[in-house]
1. Membrane-span-like helices in the chain: DSSP H runs reaching 18 Å or more (Cα, own axis), mean Kyte hydropathy at least -1.0?
2. As an exercise, use a Förster radius of 30 Å and the Cβ-Cβ distance of Q314 and K168 to find the FRET efficiency, rounded to the nearest 0.05.
3. Quick check for me: using +1 on Lys/Arg Cβ and -1 on Asp/Glu Cβ, what's the dipole size of the chain about its Cα centre, in debye to the nearest 20?
4. Mean-square fluctuation check for the chain, GNM, Cα pairs under 10 Å: which of A109, A38, A273 is largest?
5. Any chance you could run the full-extension gain for K301 through E110? It's 0.36 nm times the residue separation minus the Cα-Cα distance, nm to one decimal.
6. Using the Cβ atoms and a cut-off under 15 Å, what net charge is assigned to the surroundings of V146, where Lys and Arg are +1 and Asp and Glu are -1?
7. Taking every DSSP beta bridge that has both residues in the chain, what percent is antiparallel when rounded to the nearest 5?
8. What is the distance, in nm, between label points placed 7 Å from the Cα along the Cα-to-Cβ direction at A59 and at Q233?
Amino acid sequence: MSPNTALITLVVPVFNEEEAIPLFIEEIRKVSLDTLHAKLEVLFVNDGSTDATLRILRALQLQESFVGYIDLSRNFGKEAAMTAGLEHATGDAVIPMDVDLQDPPELIAEMVARWREGAEVVLARRANRDSDTVLKRATASWFYKVHNWLATPKIPDNVGDYRLMDRKVVEALNRLPESRRFMKGLFAWIGFQTVEISYTRSERVAGQTKFNGWKLWNFAMEGLTSFSTAPLQIWTYIGFSVAIPSLVYAIFIVLRSLVIGTDVPGYASLIVAICFLGGLQLIGIGVLGEYLGRTYLETKKRPVYVVRESGQAQSPQH
Ligand code: UDP
Ligand code: MG
């Protein structure tokens with residue numbers, strides 16, 4: 001691969017983004033290919049949009065030689081859409097990107113430069129989270145703390161999916177067999193020589209965020225359960241720490257009853273113990289259920305996504 005014929009594929013999952021796509025293409029056109037010394041193509045993955053997104057993509061693919069698209073048969077979620085994009089991307093380096101311009105295209109040149117210097121992964125780290133709400137900032141920071149405390153490998157905080165990956169990194173990712181894909185975790189798991197650059201994340205240019213609180217909570221659970229079994233194992237320790245004092249207390253009660261006879265009152269402590277232990281057991285069963293459910297879905301070996309139609313980029317920009 002000589003530098004001038006290198007192909008960079010931008011993988012862009014889109015879900016109901018009719019307003020953002022034209023603005024995104026506008027900005028990508030501005031990326032100077034002279035400084036890049038490479039060809040650039042955009043591979044959109046339509047993740048079951050219900051608005052005009054697919055029509056726009058079809059038209060773009062005909063008009064713009066550097067645009068290709070894959071249309072999924074329904075909404076599979078961003079992680080699945082990204083997986084589809086990574087599996088279809090043919091570039092020597094691949095960059096997953098959001099369409100809402102929160103991942104600034106100005107960084108592409110710098111990423112490519114670092115890649116040329118030998119980096120296999122170039123991470124874009126957010127300098128701050130000023131464009132997020134207070135609640136999102138707090139929950140994100142808790143998530144990274146808990147996740148990195150429990151799980152290996154650690155995922156870097158303030159780093160999204162925006163990164164450049166060398167061909168061999170993408171190949172390695174594509175070989176991972178799991179069908180429930182928490183990409184941030186998989187990216188970290190895969191390793192490779194990584195460098196970081198930092199950027200300021202701006203507000204979404206158009207349209208609405210596709211992630212509400214409940215979706216984010218499930219996303220966090222997915223991440224934790226995909227990369228840590230600590231929530232399962234902790235029950236052994238909780239069990240012991242409840243059982244041992246209980247045993248001691250039981251011996252004490254038996255002895256006391258033998259020596260000074262039974263005392264009838266004890267309703268309050270009894271009910272507290274029953275409720276507390278009942279609650280603990282339910283939580284434990286819930287955690288088991290989380291993992292069992294995921295194992296169940298994983299054993300079905302269903303594909304991560306289904307493609308309805310696709311259109312290749314005719315000739316990448318160069
Ligand atoms: N997205 C997707 N499928 C989904 C949800 C989102 O492909 O089910 C895409 C969306 O179109 C956008 C990117 O994922 O290009 C990031 O979504 P968004 O900007 O809503 O997330 P946020 O920046 O709020 O975390
Ligand atoms: Mg966004």
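Every read-out reported here was derived from the displayed coordinates using simple, explicitly stated rules and does not represent laboratory data. Being a predicted model, the structure only gives us computed values, none of them experimental. Reconstructed Cβ throughout: ideal geometry from the backbone, glycine too, with neighbour counts over all protein chains shown.
1. 134-150, 213-227, 230-260, 267-299
2. My answer for the efficiency is 0.65.
3. Details: 33 positive and 35 negative charges, 183 e Å.
With Lys and Arg at +1 and Asp and Glu at -1, about 880 debye.
4. Result: A273 has the largest fluctuation of those listed.
5. Going from the current span to full extension adds 64.9 nm.
6. So the surrounding residues net to 0.
7. The antiparallel fraction comes to roughly 30 percent.
8. So the two model labels end up 5.6 nm from each other.
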